[in-house]
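Read through the structure below, which is laid out as structure tokens, and then see the notes.
The values are calculated or read from the model by the stated rules, or taken from the named source; none is laboratory data. Remember, predicted model here, so these are calculated numbers, not experimental data. Cβ atoms come from the backbone with ideal geometry, glycine included; neighbour counts cover every protein chain shown. Side chains included, ligands, DNA and RNA excluded: accessible areas come from the protein's heavy atoms. Shrake-Rupley method; radii C 1.70, N 1.55, O 1.52, S 1.80 Å.
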Amino acid sequence: MERRKGARTFIALTLSFIIFNIFISLSSNSYFIGKILKSDYFFTIELQNDNSKEKLQEFEKFLIENENVKGTRFLSKEEAFRNLQKELEIVIPKSENPLPNSIIVYFKDEKNLHAIQELLDVNPMVREIYIDSQFLQNTQRKISAANMSLFICLALSLGMYYPITTILRGVIIRDYMIFAIKAPQNRKNFSVARNKNLIPFFGSALVGGMIFFNIYVILREKYQQILSTLILQSFKQIIVIEIVATLILLFLAWKSTGKLKKDEV
């Protein structure tokens with residue numbers, strides 16, 4: 001009977017740690033996706049045709065030095081022309097290329113856009129600035145959804161502390177009561193009951209973690225095949241976060257069992 005109860009406790013803790021790891025992975029991936037989406041903020045600058053190579057290099061340096069700019073990419077009129085032909089799926093003579101040289105500017109936040117635009121509106125090298133407002137709005141909505149998912153999953157991760165600690169404290173109290181009945185004169189009954197559950201407790205965290213990682217790797221591969229645009233953290237990226245979070249939970253949960261009140265045991 002005692003072995004059966006011990007097995008049930010171990011399974012319950014293992015399942016709890018699997019759920020905890022799932023919530024941590026969802027939190028981590030929500031932050032990761034939000035960070036990637038923020039790197040998609042960009043607009044395009046069409047340049048005047050009479051700019052020399054030296055002027056173009058100076059202008060790019062001027063952009064990169066701006067605190068609101070993350071990076072730039074020069075897009076020659078020839079490359080833009082080739083892209084246009086691929087998009088339209090037609091062949092146009094090079095002599096009829098109407099496109100100017102351009103620079104794609106990546107910026108840190110949508111709030112920085114107005115400040116950068118004001119700076120470029122008065123620059124003589126700039127012919128036109130193209131901003132895809134719909135794309136920016138869609139990106140911002142996706143970032144908001146990722147942030148919401150982050151906070152919800154983080155809250156659920158923290159919430160798993162309660163059931164894990166409750167199960168652990170319950171099994172320690174149960175074992176203490178058994179020892180107290182068998183040897184009521186032994187003052188170390190509680191310490192013995194507590195130490196008895198140390199290895200099973202850490203073992204359940206280890207088993208739960210291993211099961212989770214196997215599930216994560218398989219599901220990540222499946223999701224990447226179905227949704228190629230969805231970028232999730234790799235096993236190497238997430239393993240450190242999972243281990244650190246689990247160790248913190250183990251430490252806090254185990255420490256809490258040392259503070260059990262006398263009336264609880």
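Quick one: in region 223-265, of everything that is outside any helix (DSSP H, G or I) and of a type in the set (S, T, Y), which residue is nearest to S28 (Cα to Cα)?
Step by step, filter region 223-265, then rank; the result is S234.
With respect to the numbered conditions (1) open to solvent by less than 50 Å² (accessible area, probe 1.4 Å); (2) farther than 30 Å from F201 by Cα, which one is the sole condition not fulfilled by Q117?
Here Q117 clears every test but (1).
When the residues of region 41-50 are filtered to those that are open to solvent by 30 Å² or more (accessible area, probe 1.4 Å) and touching a Phe, Trp or Tyr at 6+ places or on another chain (Cβ under 8 Å), which remaining residue is nearest to E110 (Cα to Cα)?
F42
Is it true that D175 is among the acidic types (D, E) and open to solvent by less than 80 Å² (accessible area, probe 1.4 Å)?
So D175 passes the test.
Cβ contacts < 6 Å: first residue open to solvent by less than 80 Å² (accessible area, probe 1.4 Å), restricted to region 222-235; second residue of a type in the set (D, E, K, R), any location; separation 6+ or different chain. Result?
From region 222-235, the pairs are L232/R220.
Considering only region 178-202, state which residues are open to solvent by 20 Å² or more (accessible area, probe 1.4 Å) and within 34 Å of the chain's Cα centre (by Cα).
Scanning region 178-202 gives L198, I199, P200, F202.
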